[in-house]
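Contents: one structure, followed by commentary.
The values are calculated or read from the model by the stated rules, or taken from the named source; none is laboratory data. The model shown is predicted, which means the values in this text are computed figures rather than measured ones. All Cβ positions, glycine included, derive from the backbone under ideal geometry; neighbour counts span all protein chains shown. Areas reflect the complete protein model, heavy atoms only, side chains present, ligands, DNA and RNA absent. Shrake-Rupley method; radii C 1.70, N 1.55, O 1.52, S 1.80 Å.
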Amino acid sequence: MLTEVGTCPLLSVQPSRAQVDEKVQIVVMNLLPNQKVTLHSLHQSEDKDFWEAFGHYISDEYGTVTVAKDESLGGTYEGTEQMGLLWSMRPIPGSRPGLRLRKMNILTPIVIHISVYGGHLSQGFSQQTPLATSVTERWYVAPGVQRVNIRENGVRGTLFLPPGPGLYPGVLDLWGGGGGLVEYRSGLLASHGFASMALEYLGPEDLRTADVDVSYFEKAYQILQNHPKVQRDRMAMLGLSFGSAVTLSMAAYSKVIKPQCCVCISGSHVFPVDKSLFEVFEGMKKYIGRVQVNEENQVIHRNIILPIPSDPALKVDVGRIKCPLLLVNAGDDQNWASVESAEDMEMMMEKAGNRDLLTVLTYPGAGHLIEPPYSPHFRASNFILQGVKEKIVMLWGGQTKPHAYAQEDSWEKILAFLRKHLYFSSNFAVKAKL
Amino acid sequence: MYYFTAAFFNSKLRCVANLTILKQINRVDNLISLRSVSTQKRTCPLLSVQPVRGLLDEKFQIAVTNLPPNQKVTLHSLHQSDDKDFWEAFGHYVSDEHGSVTGFKDESLGGTYDGTEPMGLLWSMRPIPGSRHGLRLRKRDIFRPMEVRISVYNGHLSQGFSHQAPLATSVTERWYVAPGVKRVNIREKEIRGTLFLPPGSGPYPGVLDLWGGGGGLVEYRSALLASHGFASMALEYLAPEDLSLEDTDASYFEKAYQILNNHPMVKKDHLAVLGLSLGSAITLNMVSYSKVIKPQCCVCISGSHLMPVEKSLSELFELMKNHEDKLCVNEDNQVIYRNLILSLPCQSGKVDVGRIKCPLLLVNGDDDQNFPAVESAEDMAMMMDKAGNRHLLEILTYPDTGHLIEPPYSPHFRATKYKLQWTKERIVMLWGGQTKPHAYAQEDAWKKILAFLWQHLSAP
């Protein structure tokens, strides 16, 4: 198709370098009026796979397209979606299946090419010459954030410190059963003024699940709390998935871990972490029969804890929790029955008299992996099951648009919750050494 | 980024930690006048700068929250230049009833700037007390950002910032290049320059970018222009090592123009010439007389048509040297250059701007102490009126603005150290201008320059 464009379109993406949780303004000017164009985003991941998104637009009478206010008429997203070119990204046609987009080196930015093409294209972008291209960077760390390797006492993690002399509230940051040392959320939290430590507790060669028990997490918490730039009496624990189970268990039972607040994303109080991880996983194995596989060969893990047991030995006694607790759950979580767990936790806390500490956010249509804002959505992805080292495809759930909304909204609420209890609270006291 | 183990921290910084806690306690005493008791309340202010990474010409929003209400605070900026000098700016604020200070709507009550100035912490920067004299802030390594440390201090401070612990700090980066901009060395025949290309496949409208008599290869404006979609070439024309002043004549600039126009990533015959100071004089000369240089438009910042540049630069400098007695020196020993140019032989020497055939934008400061830019512009308007091409001319004159009209939010320098080209003598050159109006001029002029370039270069 020969597109005669008599003008020199101007594409602007502002800011050209943004934090991962910052919005961008994408505007195309100097098009013909009422011209069909496609806005396209392209990113090559650290694993060398290509991801893209696109939206079909029509310029207004001035020849302008403003993504924040105009409607996408189709593509990988539709409607008025300022950040659609980011959160609706998916692997390009022909990619390996089951991919998940995660940045491991967060000291460099995510680089995305935003382009505008003539006409309404849905494929073959690499064979066309765009009308204009802009390159934008998205960063997990703000300038001045300091990265500190933590290798102390058998504990492995990475601490991110905000710029300046401190002192800062501390956040212990726990990911889930996928294991490894995942740093990007802690990098972002440090960019918001929290000394955040991403903890590795599953999967590195020299850390066996038999050796990871309550004392491992307590040591990690203390390392963070004792750090010279960390405010001892302003601590939080934040967990996702299995990390939530750890968080709830520590908050309920540990004599050492006494945070000012906790955040649990897509988690459950079933299967308390009060012994070594090896023993916890052995305990879970008994229920393996409840795990299903659908026609696309994707593993549905959620039923492993359903029905929610009434036996208290199988659940964290959340009635013992003494700090504010925020639960962030997805209505279409296919991995953990987090919504049902939250209902049960609410009942237990009601009985115990600490219900006022609990806030539950449930996002309909969202899936298990509630990540920082504008990250793409993965309904299912490749996964290595702990303990058996088996490669499967795990179904996480969710539909892209509601999942994107959940990520954006929950992140704002998580930050507000952490600020409320770690920055703004009037309950803080400093004992002056006089 | 550097890596410490926690053990290192514990051993080395425990004392710092104690000191910090003590300082915080002292601060609490200032914030809330409580008699010393065993427990005291403390607030933890939150400082946000958005975006933390911006292009040099982008605005940022600074906000402080969680202060006590009606709290006196100082917002402070600190930058260490490529030359290792420290520059700073500060503003005195009072938090509102919610304990917030918002840079874009609150007033600074004093400091290096006052009033409601969202970007005051950048454009009002000046060398810290005790610095060397006559400094100018210019970035050489443009692929690394300008790092500015923004802090909020308790109380209204005007000095001693390094001895106080701030309530909060943020580090912001200001970039001269947008992501994806490419840098191409130009070393073709004897032409020396740097071409900056926007990301993508092009082709792009081109800009030939000429700085002034200070010489050297100054890249930052071209890098910024490329960040706005122009293939911009910064040209070195004042005696780079292998080029003598005798050989730098019209043909040098014509060759440079052709290299740009013929570049595969440049849209042929969609070119502009942009000059500052001597670069403007050269621009006016070329566009009036050259058979080769025929741009779609020109921008001349702080220039004059009174300098005859059609022969070689060495002849021009010879002429300047002969009129050296017209240079004024004020009581601060700063050299005022403008009268020398006004004294040059007028009728024979001035550029015949009536011959110009493309739109021309003049950007001038009315306190320009270096070039008689405003007088020249008036004379040019008269000449073009007589010749019938007055409609091509647009003049922007900024009050209380000096000679060095640079990209937005750059600090203002009323006078700086300078090396005279024809004698290599080191002097202090008076540029003129007052900081606030000069900052306004830089911001406004840049917007208008970009709009002018787009208007004339984006036609098919």
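For segment B:81-103, taking the residues that are in contact with a Lys or Arg (Cβ under 9 Å, 6 or more places away or on another chain) and of a type in the set (S, T, N, Q), the one that is surrounded by the fewest Cβ atoms within 10 Å (Cβ to Cβ) is identified as B:SER81. Taken over segment A:319-331, the residue count meeting the criterion of being more than 18 Å from A:HIS301 (Cα to Cα), touching a strand residue (DSSP E or B) at 6+ places or on another chain (Cβ under 8 Å) and not in a strand (DSSP E or B) is 3. Of all residue pairs spaced 6 or more apart or on separate chains, those with beta-carbon atoms under 6 Å, a first member in segment B:147-172 that is over 14 Å from B:HIS92 (Cα atoms) and a second member that is in a loop (DSSP other than H, G, I, E, B) and of a type outside the set (Gly, Ala, Ser) are B:ALA165/A:PRO165; B:LEU167/B:PRO45; B:ALA168/B:PRO45; B:THR169/A:PRO163; B:VAL171/A:PRO143; B:VAL171/A:PRO163; B:THR172/B:VAL52.
Taking each residue of segment A:129-141 that is within 7 Å of chain B (Cβ to nearest Cβ) and without any contact (Cβ under 8 Å) to a residue 40 or more places away in the chain and looking for partners that are part of a loop (DSSP other than H, G, I, E, B) and surrounded by fewer than 23 Cβ atoms within 10 Å (Cβ to Cβ) with beta-carbon atoms closer than 8 Å, six or more apart or interchain, yields A:THR129/B:SER201.
Looking at B:ARG126, B:ARG132, can you tell me which residue is surrounded by fewer than 22 Cβ atoms within 10 Å (Cβ to Cβ), under 17 Å from the mean Cα position of the chain (by Cα) and more than 29 Å from A:LYS420 (Cα to Cα)? Criteria check complete, one pass: B:ARG126. Screening A:ILE110, A:ILE58, A:ILE106, A:ILE26 for residues that are of a type in the set (Val, Ile, Thr) and touching a His at 6+ places or on another chain (Cβ under 8 Å) leaves exactly one candidate, A:ILE110. Of the candidates B:ASP141, B:ASP106, the single residue that is of a type outside the set (Gly, Ala, Ser), out of contact with any strand residue (DSSP E or B) (no Cβ under 7 Å at 6 or more places or on another chain) and open to solvent by 20 Å² or more (accessible area, probe 1.4 Å) is B:ASP141. Among the criteria (1) of a type in the set (A, V, I, L, M); (2) within 25 Å of A:VAL280 (Cα to Cα); (3) at pLDDT 95 or above; (4) open to solvent by 20 Å² or more (accessible area, probe 1.4 Å), the one A:ALA342 does not fulfil is (4). Do we have any residue at all in segment B:300-315 that's open to solvent by 10 Å² or more (accessible area, probe 1.4 Å), farther than 14 Å from B:SER280 by Cα and under 26 Å from the mean Cα position of the chain (by Cα)? No, the conditions are met nowhere in segment B:300-315. Filtered by the rule that a residue be more than 22 Å from B:VAL287 (Cα to Cα), more than 12 Å from every other protein chain (Cβ to nearest Cβ), in contact (Cβ under 8 Å) with a residue 60 or more places away in the chain and charged (D, E, K, R), segment B:173-215 gives B:GLU188, B:LYS189. Of the residues examined, A:SER12 is one that is of a type outside the set (D, E, K, R), crowded, with 17+ Cβ neighbours inside 10 Å, out of contact with any Lys or Arg (no Cβ under 7 Å at 6 or more places or on another chain) and within 14 Å of chain B (Cβ to nearest Cβ).
Taking the criterion of being modelled with pLDDT of 95 or more and open to solvent by 10 Å² or more (accessible area, probe 1.4 Å), the residues of segment B:237-264 that qualify are B:GLU254, B:LYS255, B:GLN258, B:ILE259, B:ASN261, B:ASN262, B:HIS263, B:PRO264.
Mind counting the residues in segment A:183-218 that are open to solvent by 30 Å² or more (accessible area, probe 1.4 Å) and outside any loop (DSSP other than H, G, I, E, B)? Number of matching residues: 7. Filtered by the rule that a residue be part of a helix (DSSP H, G or I) and in contact with a Lys or Arg (Cβ under 7 Å, 6 or more places away or on another chain), segment B:325-377 gives B:ASN339, B:LEU340, B:GLY354. Looking only at residues of segment B:419-460 that are assigned to a strand (DSSP E or B) and open to solvent by 40 Å² or more (accessible area, probe 1.4 Å), we find that the one that is modelled with the highest pLDDT is B:VAL428. Selection of segment A:25-39 for residues being at pLDDT 95 or above and crowded, with 23+ Cβ neighbours inside 10 Å yields A:ILE26, A:VAL28, A:VAL37, A:THR38, A:LEU39. Hey, any hits in segment A:102-122 for a residue that's touching a helix residue (DSSP H, G or I) at 6+ places or on another chain (Cβ under 7 Å) and of a type in the set (A, V, I, L, M, F, W, C)? Checked segment A:102-122: at least one residue is touching a helix residue (DSSP H, G or I) at 6+ places or on another chain (Cβ under 7 Å) and of a type in the set (A, V, I, L, M, F, W, C). Among the residues of segment A:296-325, the one identified as touching a His at 6+ places or on another chain (Cβ under 9 Å) and farther than 26 Å from A:LYS275 by Cβ is A:PRO324.
Here B:LEU224 passes the criteria (1) at pLDDT below 95; (2) in a helix (DSSP H, G or I); (3) of a type in the set (A, V, I, L, M, F, W, C) except the one numbered (1). Taking the condition of being hydrophobic (A, V, I, L, M, F, W, C), surrounded by fewer than 24 Cβ atoms within 10 Å (Cβ to Cβ) and not in a helix (DSSP H, G or I), how many residues in segment A:231-260 meet it? The qualifying residues number 2.
Within segment A:251-269, the residues that satisfy the criterion of being in contact with a strand residue (DSSP E or B) (Cβ under 7 Å, 6 or more places away or on another chain) and not hydrophobic (A, V, I, L, M, F, W, C) are A:PRO259, A:GLN260, A:SER266, A:GLY267, A:HIS269.
Considering segment B:151-168, the residues that are modelled with pLDDT of 95 or more and among the hydroxyl-bearing types (Ser, Thr, Tyr) include one that is most open to solvent (accessible area, probe 1.4 Å), namely B:SER158. Applying the criterion of at least 3 residues that are touching a helix residue (DSSP H, G or I) at 6+ places or on another chain (Cβ under 6 Å) and touching a residue at least 12 places away in the same chain (Cβ under 8 Å) to the strands (runs of 3 or more DSSP E) found wholly in segment A:332-428 leaves A:358-363. Among all positions in segment A:158-176, there is at least one residue which is free of Cβ contacts under 8 Å to residues at least 40 places away in the same chain, within 14 Å of chain B (Cβ to nearest Cβ), in a strand (DSSP E or B) and surrounded by 24 or more Cβ atoms within 10 Å (Cβ to Cβ). Residue count for segment B:169-211, restricted to those that are part of a loop (DSSP other than H, G, I, E, B) and open to solvent by 10 Å² or more (accessible area, probe 1.4 Å): 12.
Does A:LEU101 satisfy the criteria of being open to solvent by 30 Å² or more (accessible area, probe 1.4 Å), of a type outside the set (Lys, Arg), more than 14 Å from every other protein chain (Cβ to nearest Cβ) and under 19 Å from the mean Cα position of the chain (by Cα)? So A:LEU101 fits the description; yes.
Of the numbered criteria (1) without any contact (Cβ under 8 Å) to a residue 24 or more places away in the chain; (2) open to solvent by 40 Å² or more (accessible area, probe 1.4 Å), the one A:ASP274 fails is (1).
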